1. Going from most exposed to least, what order do B:127, A:155 have by accessible area with a 1.4 Å probe?
2. Based solely on C-alpha atoms, express the radius of gyration and the Dmax of the protein assembly as shown in angstrom.
3. How large are Rg and Dmax for the stretch B:402-514 when calculated on the C-alpha trace, in angstrom?
4. Using a Förster radius of 35 Å, what is the FRET efficiency between residue A:133 and residue A:197 based on their Cβ-Cβ separation? Nearest 0.05, please.
5. List for the stretch B:338-357: residues with 20 Å² or greater reduction in accessible area, all protein chains versus chain alone, probe 1.4 Å?
6. What does the highest-first list of A:32-45, A:264-277, B:401-414, B:227-240 look like by mean Cβ count within 10 Å?
7. On each of the three principal axes of the Cα atoms of chain B, give max minus min coordinate, whole Å, ordered largest first.
8. In whole percent, how big is the carbon plus sulfur part of the accessible area of chain B, probe 1.4 Å, protein atoms only?
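The values are calculated or read from the model by the stated rules, or taken from the named source; none is laboratory data. Please read these numbers as outputs of a predicted model, since none were measured by experiment. Counting neighbours? That spans all protein chains shown, and the Cβs are built from the backbone with ideal geometry, glycine included. The protein model used for the area step is the full one, side chains on, heavy atoms only, and it has no ligands, DNA or RNA in it. Shrake-Rupley method; radii C 1.70, N 1.55, O 1.52, S 1.80 Å.
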Amino acid sequence: MDWGSIISQTLSALIGWEVVAYSLAAMGLNIHFGYTGLLNFGQAGFMAVGAYGVAMGISTFGLSLGMAVLFAIAFTILLALLLGIPTLRLRADYLAIVTIATGEILRLFFRSATLSEWTGGSDGLQGNPLFTQQFKNLNPYGGPLDVGPIFLTQHILWVITVGWVLVALGILVTWLLMRSPWGRVIKGIREDEEAVRSLGKNVFAYKMQSLIIGGLFGAAAGVIIALAASSANPDNFAPQYTFFAYTVLLLGGAARVFGPVVGAVIFVGALVFVDAILKGAMSDGLIPTWVMDGDQVGQVRFILIGLVLMLLMIFRPQGIFGDKKELQLDAR
Amino acid sequence: MQRRITRYLSLLMGVFALFAVVGASVPASAADDTLIGSIVDTNGAAVAEVPVVVTSADGKFKKKATSDAQGTFTVTTPGPGEYTAKVDAKNVPPGVRVPQDAKQGKTITLPSEDTVKLQLQLSEAVHGTILNQEGSEKTPVAGVQIAVESTDGSFSETATSDDEGKWIVYLPKPGSYKVTVDEDALPEGVSVREGTNSEITVSIGEGIQRALLFPMGKDDRQVLSTGDKALQLVVEGIRFGLLLALAALGLSLIFGTTGLVNFAHGEMIALGAIIAWAFNTNGVPFLLAALLSVLICALAGGLQEVGLWRPLRKRKTGLVAMMIVTIGLSIFARFVFQFFIGGGNESYRDYVIQDGIEIGPISLAPRDIWSMAIALVILVLVGLFVIYSRMGKAMRAVADNPALAAASGIDVNRVILFVWVMGGGLAALSGILLGLSQQVKFDMGFDLLLLVFAGVVLGGLGTAFGALVGSLVVGLFVTVSTLWIPPELKNVAAFAVMILILLSRPQGILGRSERVG
């Protein structure tokens, strides 16, 4: 087995764009679920809106990169308002169903052949002109990064530079918000909505602000995915990606500022490592073909995700670094 | 395991098919550096115009060749050694499909007496000849447009008949397809004969190329009116709604008795279809396979309750936490299914190909009528059970107020166990019947989950009859709405209605308002 290549793949993945995307998506969920107690199952919808906002802004409507980013932000806020105004009064399980359905509606619209003129249909939007071109032109790096075991292409290097800056900003914003009076109210809503209301706070407005901020984090994750893959593809925003983001959040610990990043590093690192080990063992013939073949390796990682999510929730709902007292999960 | 057995069996059959054609197209001997191969389809007939790539083991030599009318291809190599011949899957002529082993290629060590034999699968297709009948004389009609559309809306293509009146459309996969003659674009003086349909819905099994007849005559053409089309869709909608209701009933009862929103319910649907498929393709008759599957899934539902949910309730795990556990379980189960059966569409061995029965303007395959009847009978029985039996009353009591029910002597855990067993069995039945009309796939349950939710929510979470009514409404709505909206957006409409109901009347159509917290 080529351990050098396995370690190289894993280390490159630890700082790669997937970690960035999962961190950002989970940071959004951290605001929604970890701090406010909103059970948002439609984070994939916010991610899709971010990705398509930028991709459609440039390719379909011919905006510049900066304008397209503003368009994506406006699009996200609009979604949060549309989603939030009617649903934030709902009970946790109803909110979950409504948000997952909204995410699916968005994905089906982005996928649909009827709108493919604007959205690219099920093939996704690679864009003509290429929507990543302006972003690529801004790339300050002259070549790929090849330091020791880590290898990153010029484009990905630029994407993750922007991505990690966003993650750092996100951490700072989350930390500042949560030690502010605003954050205390938000956490109060999570613990006892009625108590906060009785203190004269407008619970609905606070929830809405939380939904918008968390949604913007999700949209940022979508933008990173679209830039890294050079395409906005509807199937990158299937409901399961919301659940993967939840796994990330719960791994690191909900209601912890660094939880999502730690969770994303562990999540992606473990998946890439397991994948590489299995493929290595496969090519060495260590795993007989009647156990599994090359196609089945891809499924093992998802099986593991499902298992980890279940076990985490049963045995350690506060995650690896979380504080059990912070997390009042029963929202009924 | 199952998949592997099927794979070996099909390999064995392929070998037999090959034996049948050896000799017909194989030259006797070859020079040391010549690689000779042949390409045949599932029936053993030669396939021409198939591009093949031959590479040496060290990768230095690479050459393309194309099979001739006898299906043979010849490549002159630089010398003895190991070579691999594989089919260039991207450029194969229409009508055949490249299976995995032909894509990966076959290896031969030259010099060799053998030829490389690559076998292709036949694509599913519908074809026909359009003939215009005047008196007893039949003349071919050119330029007739025939539209072929899969019933799930994922595929549509139009063919035009040639000078001999012939047309053919290759299909992406087995399944149910709607074939329509465009009556408005018929040549002058030609019309669809009165009393025959210009629209046929057919089920195409794996590797089947089916001929369809569209008789033409000088008589008045018959037009399928919007009313007839709507009627057909209504019947199909009721069928879909009944199958949804089977799954929704379990989901709703589980929610009613335990408060748990079970995101893994879709996987219980898929499990039923997959177990039935596994039994059926390994030789168990379909009805027995279905029965076994329902029993196994009912058992699986019970085991889930005893092994997972009951201990969690005992630990006082919150409902939201348990909901996230069901999501983990759903992801876990879905990809375990994919691990074992692969990502493709599978169909049962029995009852795949059936001609539609015409009832007035409606055409239904007998298996659709049967599945509607079975679903209806089971739903009525379950309904009567919930209303009149002791257990049914206990179920409703627990749903209403678990603490009070326990205090009045009802064994709450036993009731909940019963609900899980019943839910597992009903979901399995729903999956089995759905697998008949569409295909068995690892994520068929998850695709359906939100529609089941929509049905349950529409009728009112936790009420058995609400789930039934809500599912019927959703099934009808999803199917009939394709009259006006593109088929790929039909679920959007159902989800939108579900959201609206949750917002305006969260207790559902039949729910009581005090149930809402």
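1. Numbers: B:127 60, A:155 30 Å².
Ranked list, largest accessible area first: B:127, A:155.
2. Reported Rg and Dmax, both Å: 29.4, 95.
3. 16.5, 54
4. Values: r = 50 Å, r/R0 = 1.43.
Plugging the Cβ-Cβ distance into 1/(1 + (r/R0)^6) gives 0.10.
5. B:338, B:339
6. Numbers: A:32-45: 28.4, A:264-277: 20.0, B:401-414: 13.4, B:227-240: 18.1.
The packing order, highest mean first, is A:32-45, A:264-277, B:227-240, B:401-414.
7. 90, 64, 38
8. Working: 13520 of 22700 Å².
Whole-percent figure for carbon plus sulfur exposure: 60.
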